[in-house]
Amino acid sequence: MTHQEISQYRLASQKLLETSSNTPQQIVHHLGAMQAQDYAMAKWAIGSRCDATEKEIEEAINSGKIIRTHILRPTWHFVSADDIYWMLDVSGPQVKRIILAETRKHGYDEKEFDKINSAIEKLLAGNNHLTRDEIMQGLDLKKVSGDYFLSPVLIMMYAELEGLVCNGKMKEKQMTYALLGEKVPKPTTKLTKEEGLAKLAKRYFESHGPATLPDFSWWSGFPQTTCKLALNSIASELNSVEIDHQTYWFGTSLSLKSNFSESVHFLPAFDEILISYKTREASILPEHQSKAFTNNGIFKPVILENSKAIGTWKRTIKKDHAKIETQFFNATENHKKAVICEGLKSFEKYLETKIVIE
């Protein structure tokens, strides 16, 4: 394996190299956690890896097979129902500490959050799916010190990290919250912290490898010292290769090839192929990175040709079609536009509507 081939192998491990017959839930389960703050694009992150339509993916989310919640760094993620509880057990405590470090200054400690969570539970009990604004109206919270008012975002994030709430069914175009326990039954057994971290590490390297220890640290949100212990515990279950004095880890089932077929992918904003690695030179040249993502973490949808980013794209949904606009990094790609845009056929099938390229 060479450094130039890493991005191709990542396409394979992330189930992008070939169309997968897996269900949407199986795709999410394979990847462990898929960043999902841009809901519309996050659904396509699943759809680009399997044959499911957008409606089928929405059904998997609404039915609770796939959970959308705050986890890991933290940000919105899709997590399989099979993984939600053990993953919350692993990452929830460290993220709650970050929240409490800020809110304790203003009188909100664990006991205050427990009171709020009890009130949220009563509001949502009986499969009552409410928007964040509706929950805040029901809570009717008052300021506790000075001019400080606890952010509704932090209130709901803490409730998610406690395993109390997760996404509910969409109310028109608004997201709602539901009780996690009413969507996914709690397991009867729990992993230890060490077991959970080891499971998280193995899932990451099998689904995102070849990847480095700093990559896993970035993706998981845990410090490298913690990640190194987890990696050491499962190293014998992985393969590795050293390139330029850096060790890359990957699953034993990853097929090593000497040649790859031509491929074009129109991937969504915040897709795992870019965002899940600390450094991204394998998939996008340094001089193009500012065109694909900002320093404060806003990622655009990207076009990959043979695993390398060559441009960005955006969609606009119309009444009877979807308009696609492209912007290539180099002028030479414009001459190949018709060929490259053949890669949008799977997106057209996913949306179940006509696509117009401009």
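The values are calculated or read from the model by the stated rules, or taken from the named source; none is laboratory data. Only a predicted model underlies this, so the values are computations on that prediction, with no experimental measurement involved. Cβ: placed from backbone, ideal geometry, glycine included. Neighbour counts: every protein chain shown. All accessible areas refer to the heavy atoms of the entire protein, side chains included, with ligands and DNA or RNA removed. Shrake-Rupley method; radii C 1.70, N 1.55, O 1.52, S 1.80 Å.
Note on exposure: Tyr85, Tyr9 ranked by accessible area (1.4 Å probe, complete protein assembly) read Tyr85, Tyr9, with the most exposed listed first.
When you count the other C-beta atoms within 10 angstrom of each residue and take the mean per peptide, 242-248, 52-58, 342-348, 159-165 line up highest first as 159-165, 52-58, 342-348, 242-248. Once the 1.4 Å probe is applied to the protein heavy atoms, segment 82-183 comes out at 51 Å² accessible per residue. So which residue, out of Thr75, Thr312, Thr188, gets the largest mean-square fluctuation from a GNM of the chain using Cα contacts under 10 Å as springs? Of Thr75, Thr312, Thr188, the Gaussian network model singles out Thr188 as fluctuating most.
Nonpolar atom fraction for segment 150-251, defined as the carbon and sulfur part of the 1.4 Å probe accessible area, stands at 52 percent.
Partners of Lys190 within straight-line reach, counting lysines whose Cα lies under 18 Å from its Cα and excluding those fewer than 8 residues away in the same chain: Lys199, Lys202. The fraction of all Cα pairs in segment 264-357 landing in successive 10 Å bins from 0 to the largest distance is 16, 50, 29, 6, given as whole percents. Residues in segment 285-293 carry Karplus couplings, in order, of 4, x, 5, 9, 5, 5, 7, 10, 7 Hz; the curve used is 6.51 cos²θ - 1.76 cosθ + 1.60 with θ = phi - 60°, and Gly or Pro positions show x.
Comparing Lys300, Lys193, Lys183 in a Gaussian network model of the chain (Cα springs below 10 Å), the most mobile by mean-square fluctuation is Lys193. Its residues counted as N, the chain yields a C-alpha radius of gyration over 2.2 N^0.38 Å of 1.03.
Sorting Lys323, Lys105, Lys202 on solvent-accessible area from highest to lowest, probe radius 1.4 Å, gives Lys105, Lys202, Lys323. Taken over the C-alpha atoms, segment 185-287 has Rg and Dmax values of 15.3, 51 angstrom. When Rg and Dmax are taken over the Cα atoms of segment 128-238, they come to 18.9, 55 Å. Straight distance only, please: which aspartates and glutamates reach the Cα of Lys186 with their own Cα at less than 15 Å, same-chain residues fewer than 8 apart left out? Once the sequence-local aspartates and glutamates are set aside, what remains near Lys186 is Asp82, Asp83, Asp89, Glu160, Glu162. Entry note, the chain: relative contact order of 18 percent, from Cα contacts under 8 Å with a spacing of 6+ residues. Listed values for segment 104-120 are Karplus-derived 3J(HN,Hα) couplings in whole Hz (6.51 cos²θ - 1.76 cosθ + 1.60, θ = phi - 60°), namely 4, 4, 10, x, 9, 10, 4, 5, 5, 5, 4, 5, 4, 5, 4, 5, 4, and x replaces Gly and Pro.
When a 1.4 Å probe is rolled over the protein heavy atoms, the share of accessible surface on segment 264-357 that falls to carbon and sulfur comes to 51 percent. Filter the cross-link list Lys43/Lys291; Lys300/Lys323; Lys318/Lys349 down to pairs whose alpha-carbon distance in this structure exceeds 18 Å. Over 18 Å apart, Cα to Cα: Lys43/Lys291.
The convex hull of the Cα atoms of segment 82-183, projected and averaged over all directions, covers 6.7 nm². Please identify which residues in segment 247-271 have an amide N closer than 18 Å to a label point set 7 Å out from the Cα of Asn232, following the Cα→Cβ vector. Residues passing the 18 Å test: 247-249.
Among Ser63, Ser207, Ser118, the residue with the largest mean-square fluctuation in a Gaussian network model of the chain, with springs joining Cα atoms closer than 10 Å, is Ser118. Tally Lys and Arg at +1 and Asp and Glu at -1 over the other residues with C-beta under 13 Å from the C-beta of Ile284: what net charge comes out? Cβ neighbours under 13 Å give a net charge of +1.
Database remark: amide H of Trp76 closer than 5 angstrom to the amide H of Ala36, Gln37 (H placed geometrically; neighbours at sequence offset of 5 or more, or on other chains; Pro and chain starts carry no H). In order along segment 302-309, phi translates into HN-Hα couplings of 10, 9, 10, 10, 6, 6, 10, 5 Hz, rounded to whole numbers, per the Karplus curve 6.51 cos²θ - 1.76 cosθ + 1.60 with θ = phi - 60° and x for Gly and Pro. The amide H of Val264, built 1.01 Å from its N in the peptide plane, has Asn306 as neighbours under 5 Å, considering only residues 5 or more places off or on other chains. For the pair segment 145-222 / segment 13-79, the C-alpha centres are spaced 14 Å from each other.
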